[in-house]
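Step one of this worksheet: look at the structure below.
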Amino acid sequence: MPRKPVRKSRPTNTSVSHSLELRNIVPLTDNQRDTFLEYSKNKNLVLHGMAGTGKTFCALYLALKDVLNPKSKQRKVYIIRSAVPTRDVGFLPGSLKEKIKQYENPYRSICSHIFSRGDAYDVLKGKDLVEFMSTSFVRGDTYDDCTLIIDEMQNLNFHELDSVITRAGENTRIIFSGDFKQSDLLNSHDRKGLQDFLKILANMNSFSRIEFGVQDVVRSGLVKEYLINKYKLFS
């Protein structure tokens, strides 16, 4: 028998934020400002472009700010990404759960910063306000009243991207983040799938796409200098 779809939604938030205080984060670049603005217009987002520009940081901050607002319709944040097929997950130590946990470190670091406490990510998970998952586990489910952050989207093929977006249910927002120039996919057909997917989103009024470039790098002076010179030499 085919698997019966499961609708995942959250009960009303009434005491979500009693132990977590979100810092007031302000955008640092024009494209970060555009990200905040388009999100405030209830747009779904495609944050595409160079590393070190705060795409994932902005996405997670905005999503969590919504979840912690009792008036918001969003009740949970799902962070979805692929367990990168190259440099296989099989080489990482531990069980599958422990291996996948390695991919959560960037989000743990972001949460530590925006809440000014090192255990913020684990607290959010414990409250069932944040869940990290691989694209392998999204099929058959429908996600209601939540925000889906699809990170490192350049490592998802068209089938995975299609599977994720068609899982969105009622009152669900989607934020795609990544850079096709950094794809770890080896198959050219799979790499082309991302560009085809972006063409579809470009024709959807519910999505806003924001392109991040070298002018948006905020990670550090060294990273910015390196990325600028790499861009000059190889673009």
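The values are calculated or read from the model by the stated rules, or taken from the named source; none is laboratory data. Note that the structure is predicted; figures quoted are calculated from it, not measured. The accessibility values were calculated without ligands, DNA or RNA, using every heavy atom of the protein model including side chains. Shrake-Rupley method; radii C 1.70, N 1.55, O 1.52, S 1.80 Å.
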TODO: Determine how large the accessible area of R191 is when every protein chain is in place; take a 1.4 Å probe and give Å² rounded to the nearest 10.
DONE: 90
Open item on the list: Sort K65, K232 by heavy-atom solvent-accessible area, probe 1.4 angstrom, most to least.
Closed with: K232, K65
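Could you please state how large a percent of the accessible area of segment 137-194 is carbon and sulfur, counting protein chains only and using a 1.4 Å probe?
Values: 1110 of 2350 Å².
After summing per-atom areas, the C and S share lands at 47 percent.
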- [ ] Sequence neighbours fewer than 8 away in the same chain don't count; with that in mind, list the aspartates and glutamates whose C-alpha is under 17 Å from K230.
- [x] D179, D216
Task: Solvent exposure, largest accessible area first (probe 1.4 Å, DNA, RNA and ligands not counted), of H189, H113, H48, H159 - done: H189, H159, H113, H48
- [ ] Using the heavy atoms of the protein chains and a 1.4 angstrom probe, tell me the accessible area per residue for segment 111-235 in square angstrom.
- [x] 51
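Ordering I200, I149 by accessible area with a probe of 1.4 Å, largest first, what comes out?
Values: I200 80, I149 5 Å².
Output order, biggest surface exposure first: I200, I149.
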Open item on the list: Once ligands and nucleic acids are excluded and a 1.4 Å probe is used, how much of E170 is accessible, expressed in Å² to the nearest 10?
Closed with: 120
Task: Violating pairs (Cα-Cα greater than 21 angstrom) within the set K101/K125; K76/K101; K55/K224; K71/K101; K43/K232 - done: K71/K101; K43/K232
